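The values are calculated or read from the model by the stated rules, or taken from the named source; none is laboratory data. Computed from a predicted model, the values in this text were never measured in an experiment. Cβ atoms come from the backbone with ideal geometry, glycine included; neighbour counts cover every protein chain shown.
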Amino acid sequence: MVNFDDKRNFYRMLLNSEVKVTIIDDEINSEFVATCRDLSATGMAIEMSHPLEMGTRVKAKIESANASVQALDVKGKVVRIEEEATDLYLVGIAIDDMD
């Protein structure tokens, strides 16, 4: 669990939510579904079955479970990749634009 000894500027919320990811760096705008593990004001960590290249620009959308709350729709770039197990990667995305 993330604690206050973590030197981040923003607190990370632990999640286990489906996130739709679109790679905006490629010509076909590849899309896939992943799991958002945590989220802060400046980044997110997503769990997926394949790695992305460092610096890849992506769009990520998390639908809201409540109709009165707007979906989260962000753009950012891949800044971290960790292989946690066979076919399981944790990809860190730095958010630089929010719709």
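Brief remarks follow.
- Residue that is modelled with the lowest pLDDT, among those in region 16-30 that are surrounded by 12 or more Cβ atoms within 10 Å (Cβ to Cβ), in a strand (DSSP E or B) and out of contact with any Lys or Arg (no Cβ under 6 Å at 6 or more places or on another chain): Ser17
- Sole residue being at negative phi, assigned to a strand (DSSP E or B) and more than 9 Å from the chain's Cα centre (by Cα), chosen from Val79, Val69: Val79
- Of the residues Val69, Val58, the single one that is without any contact (Cβ under 8 Å) to a residue 60 or more places away in the chain and either surrounded by 12 or more Cβ atoms within 10 Å (Cβ to Cβ) or among the charged types (D, E, K, R) (or both) is Val58.
- In region 39-55, the residues that are assigned to a strand (DSSP E or B) and either surrounded by fewer than 19 Cβ atoms within 10 Å (Cβ to Cβ) or in contact (Cβ under 8 Å) with a residue 40 or more places away in the chain (or both): Gly43, Met44, Ala45, Ile46, Glu47, Met48
- In this entry, Val33 is excluded by the filter for residues that are touching a Gly at 6+ places or on another chain (Cβ under 9 Å) and either buried (at least 17 other Cβ atoms within 10 Å of the Cβ) or not acidic (Asp, Glu) (or both).
- Restricting region 56-66 to residues that are assigned to a strand (DSSP E or B) and of a type in the set (Val, Ile, Thr), the residue that is nearest to Asn29 (Cα to Cα): Val58
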